[in-house]
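Q: Structure below; questions to follow.
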Amino acid sequence: MPEAQVPMPHVMPTYGRLPVALARGEGCRVWDVQGKEYLDALSGIAVNTLGHAHPRLVAALQQQVATLIHTSNYYQVPLQEELAARLTRLSGLTNVFFCNSGLEANEGALKIARKYGHDVLGFDTPLTLVFEGAFHGRSLATLSATANPKVQAGFAPLVPGFVRVALNDLAAVEAAMDAHPQISAVFLETIQGEGGINPARIGFLQGLRKLCDARGVLLMLDEVQCGIGRTGQWFAHQWADIRPDVMPLAKGLGSGVPIGAIVCGPKAAGVLQAGNHGSTFGGNPLAMRAGVETIDIMEADGLVAHAAAMGERLTQRLRAGLAGQAGVVEIRGQGLMIGIELERPCGVLLQRALDARLLISVTADRVVRLLPALIVGPDEVDEMAARLLPLIQAFLQEQAA
Ligand code: PLP
C-alpha cells in the first residue's frame, strides 16, 4: 500500500497541509492514495461547484482539450462572449473581463476603482473603502485591502489608498465618506468567507447602494466565494435585491478549472480601455468552456434552488445537533456557505474530521466552515452532519472540563 503522506520537499512550504494526499474524486466523495474514502464538505474551498468528475463537465472539457486549449487575447475568443452573455443575463450587469483567480479579479476591480476616481470623478488620490474582517487575496494590493494582520505581516509597505470601517455599520461608512471625499469605491464581500462567514446585512447592502448612488461612488461586491449559486441565489447580493457596479468572481465559476471574472455594470464597464489591463491566460477557451458548462448544468439541474434547500437542511441538522450546547456562539450563513462559530480556537477539528473521513475547514480560528458542492444530496448532507456533530460535541466537552 502507498504511504498515506507523499513528501513534497521541492515545493515551497507556503501551506500548513493536512497529512493526506488525495488521488481521485466522484461527486461529493474523494479517495486518498491508499484508497480511503472521505466525504467532501469543502469542495476545494467553494470551487468544485459540480462536485468531482461530473460526467457532463468531464465530457465537455475532454472535447475542449482535444479542440483548443489556449490561443491569445490577440484574437477573438468566441467562448468568452458565450460565458459573458450568461454572466450578464444572470446578474443584470453589462460587461465582463476574464482572468484566472480571485485575487486577480479583485486586483482588476481595484484598478477600476482608481481609474474611475481619476477619469470620472476627477480625483488626484482616489481611495477605496474596505471593511474589518475582509479577505480579498494575497497580491500586494489585495492583501492591503484584506483586514487580517497575519496575511499582511512581513509585506510592508502596504499599498496605500484604503480606508477601513466596521462591517454592517452604515453610519461609519457615511462618516468615512465625509472624512475622505476622494473615496471612489466601496469594496466588500457580500458574505465574508475567510473572515468567518459574516454576512453583510440586507439593510446594510441596500443602504450602501443608496449612499454610493447619491455620491457617484462605485459599489464593488467581492463574490469570489459566495457567488455562483452557493447561497441559493446566483449571486449573494440578489438576496438584498440590489446590483453592484463591479462584481469579482472566481472559485466556483469553473468548477475546478482556474478562472476569474470581473462583471461590471454601466458605470464601470467602460473604465478600462485597450492597453489598461490584460492577462495572457485570462479567458482562454478551456476555462471559458468550464464556465459555460458549469452554468448550463446548474441551470438544467436547478442547482441554485437545490443549494438553498440543501443548505437549509444542513443548517437545521447542525442547529438540532448543537442546540443548548455551551461553547457555540452562532451557526450562520446562507445556502451552502455555513459557519459554526465556537467560543474557542478549534483548529484541532481539521485533523479529527480527517480521521472521521470528512473534509472541512476552520477559518478565523474559531469558525468551522462548510462549503459542500452544489450537487450534494440529502443523504450526504445528513452524513456530513452525522460525522461532524460528535466531533464538535466532544471538543466542547473537553473545553468545558
Ligand atoms: N476573495 C474572496 C472573498 C476569497 O474568499 C478569496 C479566496 O479565498 C479570494 C478573494 C482570493 O481568491 P484566490 O485564492 O483565487 O486568489
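All of the numbers you see were taken from the coordinates with simple rules; none came from a lab. Just so it is clear, the structure is predicted and the values come from calculations on it, not from any experiment. Neighbour counts are summed over all protein chains in view; Cβ atoms, including those assigned to glycine, are modelled from backbone coordinates with ideal geometry.
Q: Rounded to the nearest 0.05, what FRET efficiency do residue 214 and residue 394 have when you use their Cβ-Cβ distance and R0 = 60 Å?
A: Efficiency at R0 = 60 Å is approximately 0.70.
Q: Which percent, to the nearest 5, of DSSP beta bridges fully inside the range 68-301 are antiparallel?
A: Around 45 percent antiparallel, to the nearest 5.
Q: Excluding residue 279 itself, calculate the net charge of residues whose Cβ lies under 15 Å from the Cβ of residue 279, where each Lys or Arg counts +1 and each Asp or Glu counts -1.
A: Details: positive: 111; negative: 104, 107.
For residues surrounding residue 279, the net value is -1.
Q: With +1 on each Lys and Arg Cβ and -1 on each Asp and Glu Cβ, how big is the dipole of the chain about its Cα centre, in debye rounded to the nearest 20?
A: 200 debye
Q: Relative to the present Cα-Cα distance, how much length would full extension add between residue 274 and residue 401 at 0.36 nm per residue of separation?
A: Computed gain between residue 274 and residue 401 is 39.4 nm.
Q: Say we join alpha carbon atoms closer than 10 Å with springs in a Gaussian network model of the chain; which of 303, 127, 354 then has the biggest fluctuation?
A: Comparing 303, 127, 354 in the GNM, the peak value goes to 354.
Q: If R0 is 51 Å, what FRET efficiency do you get for residue 325 and residue 111 from their C-beta distance, rounded to 0.05?
A: That pair, residue 325 with residue 111, gives E of 0.65.
Q: Let me ask you something else. Based on the mean of other beta carbon atoms within 10 Å per residue, what is the order of 339-345, 283-289, 295-301, most packed first?
A: Put in order of decreasing packing, that is 283-289, 339-345, 295-301.
Q: Would you mind telling me the antiparallel percentage of the DSSP bridges in the chain, rounded to 5? Write down the numbers at each step before the final one.
A: Details: 32 of 47 bridges.
Bridges in the chain are about 70 percent antiparallel.
Q: To continue, here is another question. For residue 180 and residue 296, compute 0.36 nm times the residue count separating them, minus their Cα-Cα distance, and round to one decimal in nm.
A: Values: separation 116, 0.36 × 116 = 41.76 nm, distance 4.36 nm.
Working it through step by step, the gained length comes to 37.4 nm.
Q: Here is a further query. Please identify the DSSP H helices in the chain that span no less than 30 Å along the helix axis (Cα) and have a mean Kyte-Doolittle hydropathy of -0.5 or more.
A: Correct list, ordered by number: 378-400.
Q: Take each of the peptides 143-151, 357-365, 98-106, average the number of other beta-carbon atoms within 10 Å over its residues, and list them starting from the highest.
A: Output ranking for 143-151, 357-365, 98-106: 98-106, 357-365, 143-151.
Q: Ok, one more. Taking the Cα-to-Cβ direction at residue 357 and at residue 155 and moving 7 Å from each Cα, how far apart do the two end points lie in nm?
A: 3.9 nm
Q: Which one, 308, 374, 340, is farthest towards the positive end of the dipole of the chain when Lys and Arg carry +1 and Asp and Glu -1 on their Cβ?
A: 340
Q: Compute the distance in nm between two label points, each set 7 Å from the Cα along the Cα-to-Cβ direction, one at residue 75 and one at residue 386.
A: Distance between the two pseudo-spin positions: 5.3 nm.
Q: Give the lysines whose C-alpha is closer than 30 Å to that of residue 210, dropping any in the same chain fewer than 8 places away, or say none.
A: Within reach: 111, 115, 251, 267.
Q: For residue 33 and residue 206, what is the calculated FRET efficiency with R₀ set at 45 Å and r taken between the beta-carbons, to the nearest 0.05?
A: Numbers: r = 49 Å, r/R0 = 1.10.
Once rounded, the FRET efficiency stands at 0.35.
Q: How many angstrom lie between the C-alpha centres of the range 343-401 and the range 53-116?
A: Here the answer is 34 Å between Cα centres.
Q: Now for a different question. I want to verify a result. In a Gaussian network model of the chain, Cα cutoff 10 Å, which of these has the top mean-square fluctuation: 330, 189, 293?
A: So, out of 330, 189, 293, the one fluctuating most is 330.
Q: Okay, next question. With the dipole of the chain worked out from charges on the C-beta (+1 for Lys and Arg, -1 for Asp and Glu) around the Cα centre, which of 247, 290, 136 lies farthest toward the positive end?
A: About the Cα centre, the residue reaching furthest to the positive side is 136.
Q: While we're here: What whole number of Å gives the distance from the Cα centroid of the range 187-259 to the Cα centroid of the range 271-288?
A: Distance between centres, Cα-based: 22 Å.
Q: Show me the chymotrypsin sites (Phe, Trp or Tyr not before Pro) within the range 64-97 that DSSP assigns to loop and that have at most 11 other Cβ atoms within 10 Å of their Cβ.
A: Working: sites: 74, 75, 97; in loops: 74, 75.
Of the chymotrypsin sites (Phe, Trp or Tyr not before Pro), the ones in loops of the range 64-97 whose Cβ has at most 11 other Cβ atoms within 10 Å are 74, 75.
Q: Please give the length that would be gained between residue 17 and residue 94 if that part of the chain were fully extended, namely 0.36 nm times their separation in residues minus their C-alpha to C-alpha distance (nm, one decimal).
A: 23.7 nm
Q: Tell me the net charge near residue 233. Cut-off is 14 Å between Cβ atoms, residue 233 excluded, with +1 for each Lys or Arg and -1 for each Asp or Glu.
A: That sum, taken over residues with Cβ under 14 Å, equals -2.
Q: Something else about it: If amide hydrogens are placed 1.01 Å from N in the peptide plane, which non-local residues have theirs closer than 5 Å to the one on residue 99?
A: For residue 99, whose amide H was placed from the backbone, the distant partners under 5 Å are 260, 261, 262, 283.
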